[in-house]
Amino acid sequence: MSSKRHILTAVAWPYANGPRHIGHVSGFGVPSDVFARYQRMSGNNVLMVSGTDEHGTPVLVLADQEGVSARELADRYNRMIAEDLVALGLSYDLFTRTSTGNHYAVVQELFTGLYENDYIFARTTKGAVSPSTGRTLPDRYVEGICPICGYDGARGDQCDNCGNQLDPIDLIEPKSKINGETPEFVDTEHFMLDLPAFAQVLGKYLDSKSGQWRPNVLKFSVNLLNDLQPRAISRDLDWGVPIPLEGWSDEANKRLYVWFDAVIGYLSASIEWAKRTGDPEAWRAWWQSEDAESFYFMGKDNIVFHAEIWPAMLLGYSGRGDRGGTPGALGALNIPTEVVSSEFLTMEGRKFSSSRRVAIYVRDFLERYSADALRYYIVAAGPETQDTDFTWSEFVRRNNDELVAAWGNLVNRSISMAAKNLGAIPEAGELTGEDRRVLADSRAAFDTVGEHLNRSRFKAALQEAMRTVAEANKYISDQAPWALKKTDPKRMETVLHVALQLVSDAKTLLTPFLPASCNKVYAMLGGTGVWSGMPRLEEAVDSIGGEEGSSVYPVITGDYAGNEARWESTPIRPGTPLSRPEPLFAKLDPSVADEELARLEEKAGE
RNA sequence: GGGCCGGUAGCUCAGCAGGUCAGAGCAGGGGACUCAUAAUCCCUGGGUCGCGGGUUCGAGUCCCGCCCGGCCUACCA
């Protein structure tokens, strides 16, 4: 085996304008955690980072509506989201936020590096401004009559009726979507990221990923290269990271645009993590070592930021764009090894929509059902390579038939039988051919499941892992150890030994997907250490937003380095005492599906 | 308008680079067993692979057109 690899697990940053629903965590949350846990079990050095994305107009608009400051709103949802992600068991090394002083400093450093390498330039454009607030209105917040088709209700960026791209200044009778007033159009100067200056290097980069990335991500990204345009990276806003240039930094109403700062979060969070560990340089092993790898997890709407813009930013900062340059103060930085994008989850046939209340929030879900049940459903039936539909009846079915009946019952029946009859893990006597075969198959699954996980094929990986569960159930049924109790007790002990070894292996194979319940199985079989560590919420201190003083905010972190979980078959130890187990999972009454559906309809009808 | 993705058995979905590709799980039907949260195990599936053309000895699998759905096109994953 090769030596330990450094693997950055970069998880998309949830936007802090509300609670996150199960579609969000299907896209970035659960897949990234499965991946990270597997890589740790394989002995690799994983750094898993993310945080809340808090800048930008949507937060500002919502804060205005509620009569609170943007920071107060961000504080509220930052905490709520962090709590939800911990409850789901997502094993971040650091989950932070974009409003920290550290983040501001790193963002400004990247801007400066790009600017000095000549990949950023200023340009004057016309922008819509709200007369009453003096605030710039983003294109999407201006509505009016489409100049092409006459549709009343076209947005400033696009007409939903005829599909044409628009400029807000062309709209007839433009109105602010926020308060209905007529915007003024004024000249405003903005910085642009010169994406065309990366066409060559990005082309080579994407070519080199052929056959590795999911085809949809790659095709999409390659196609983007055909039409690279400079992209604005600043906005007329007072909520965001200030522009670190003379004449701009003290400009109250000019900030870096939210997507520019959000992707830099991967780097700033890595640096923040290193500072917190007491070794401020530790982040470099994941960002600058030539053989370090980075995997980015997100939903399909974010591909452009991760496969095009973020690599361009990193290359430009490192002096590796088409115009060359020199690395900034942090040094040259690695670009993504792989961009893993999920598709979308629909909800009972409808698109998730917070505004229309078509949503199942993570928090509500976990109040009534276990994290592992949700994680199982998301991996087994989630939108890995295409949109999939969440239905409550399918959730109940998967929970009852697969988690409870197949896996939970396997654990229960085998440990119960051994505990009741022997009180401990029995020795194996002489093994039959069938015993050897089933044990060998179980060991072989580590390679097949691991290969799937390495390639981010989570659904296939889980299916293979569950196949070993079915094999174990079949083995027990075929061998019928309960019938051997009187006829051949020694043979019964051997069969139970084999069965428990199969349970132990399956528990290991399922750990990336179902960490909480697998930790329980580990303990049932006599394990005493920490099997696969769970994240925890800590209160952290940082100068928020680069301001004077400090502020306390929650971060997710955890201790995973010393975990017992290894990606291999671990021999069970005969003689280990066993007691009658508690059921691993709760079976759900079929009426749950109807109740939840009614609840959803009720909310949508409000 | 442009781009990307999807439309496969009642349901949810696999089918990577053309020739056991017409599949899996669940539901439904029959049987076995009783250790286990009545769980498990065995047997049982023939669906115009969205529609219409085309290229091939041969196409869910490649090409063209069309229909439907999702996403992106300065940011709800």
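Could you list A:279, A:64 in order of exposure, starting from the residue whose Cβ has the fewest other Cβ atoms within 10 Å? Don't skip to the answer; put the middle values down first.
Numbers: A:279 12, A:64 16.
By the 10 Å Cβ count, ascending: A:279, A:64.
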Query - Nearest-ten-degree value, helix A:489-510 long axis tilted from longest Cα axis of chain A - result: 0 degrees
**Report entry** chain A - mean residue ellipticity at 222 nm from DSSP helices (-39,500 (n - 2.57) per run, n ≥ 4, rounded to 500)
**Finding:** -12500 deg cm²/dmol
Query raised in the report: If you average the sequence gap of Cα pairs under 8 Å that are 6 or more apart and divide by the length of chain A, what percent do you get for the contact order?
Result: 18 percent
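In Å, the Kirkwood hydrodynamic radius of the stretch A:529-602 over pairs of distinct alpha carbons?
Details: mean 1/r = 0.0541 Å⁻¹.
In the stretch A:529-602 this quantity evaluates to 18.5 Å.
What is the diffusion coefficient of chain A in µm²/s, taking the Kirkwood radius over Cα pairs and the Stokes-Einstein relation at 37 °C with a viscosity of 0.692 mPa s? Don't jump to the answer; show the numbers that get you there.
Values: Rh = 26.2 Å.
In µm²/s, the coefficient is 125.
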Report summary line: Percent relative contact order for the stretch A:405-533, counting Cα pairs under 8 Å at least six residues apart, stands at 32 percent
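State, as an integer percentage, the relative contact order of the stretch A:49-127 based on alpha-carbon contacts under 8 Å between residues 6 or more apart.
Numbers: 45 pairs, mean separation 30.8, N = 79.
Here the relative contact order equals 39 percent.
Can you list which of the GluC sites (Glu not before Pro) found in the stretch A:169-253 are DSSP loop residues with at most 15 other C-beta atoms within 10 Å? It would help to have the intermediate numbers written out before the result.
Numbers: sites: A:181, A:184, A:189, A:246, A:251; in loops: A:181, A:246, A:251.
Those satisfying the criteria are A:181, A:246, A:251.
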Report summary line: Full extension between residue A:389 and residue A:552 adds, at 0.36 nm per residue less the Cα distance, a length in nm of 54.8 nm
Requested in this report: Using amide H atoms built 1.01 Å from N in the peptide plane, name the residues 5+ places from residue A:540, or on other chains, whose amide H lies under 5 Å from its own.
Outcome: A:553, A:555
Report summary line: Projecting the Cα atoms of A:154, A:206, A:514 onto the charge dipole of chain A, where Lys and Arg contribute +1 and Asp and Glu -1 at Cβ, the residue farthest towards the positive end is A:514
Requested in this report: Please report how far the C-alpha centroid of the stretch A:292-313 lies from that of the stretch A:82-127, rounded to the nearest whole angstrom.
Outcome: 14 Å
Query raised in the report: Over what distance in Å are the Cα centres of the stretch A:411-474 and the stretch A:514-544 separated?
Result: 23 Å
Report summary line: Any lysines whose Cα falls less than 20 Å from that of residue A:126, other than same-chain ones fewer than 8 residues away, would be A:175, A:177, A:254
Query raised in the report: Considering only DSSP beta bridges whose two residues both sit in chain A, what percent are antiparallel, to the nearest 5?
Result: 60 percent
**Report entry** Partner lysines for residue A:520 [C-alpha distance under 21 Å; skip if fewer than 8 residues away on the same chain]
**Finding:** A:420, A:507, A:587
Query raised in the report: Taking amide H positions as placed 1.01 Å from N in the peptide plane, with prolines and chain starts having none, which residues 5 or more places from residue A:429, or on another chain, fall under 5 Å of its amide H?
Result: A:494
Report task. In debye, nearest 20, what is the charge dipole magnitude of the stretch A:497-606 about its Cα centre with +1 on Lys and Arg Cβ and -1 on Asp and Glu Cβ, if you could check? Result -> 960 debye
Report summary line: Between the Cα axis of helix A:101-116 and the main Cα principal axis of chain A, the angle (0 to 90°, nearest 10) is 60 degrees
Query - Ellipsoid equivalent to the stretch A:412-510 - semi-axes via the Cα gyration tensor, in Å - result: 28, 12, 10
Query raised in the report: In degrees between 0 and 90, to the nearest 10, how far off the longest principal axis of chain A does helix A:70-87 point, with axes built from Cα atoms?
Result: 20 degrees
Query raised in the report: Which one of A:534, A:551, A:480 has its Cα pushed farthest toward the positive end of the charge dipole of the stretch A:451-578, where Lys and Arg give +1 and Asp and Glu give -1 at the Cβ?
Result: A:480
Query raised in the report: Going out from 0 in 10 Å bins, what whole percent of all Cα-Cα distances in the stretch A:97-138 drops into each bin?
Result: 23, 25, 41, 11
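Quick note: the coordinates plus some simple rules give every number you see, no bench work behind them. All figures in this text were calculated on a predicted structure; none of them were measured in a lab. Cβ atoms come from the backbone with ideal geometry, glycine included; neighbour counts cover every protein chain shown.
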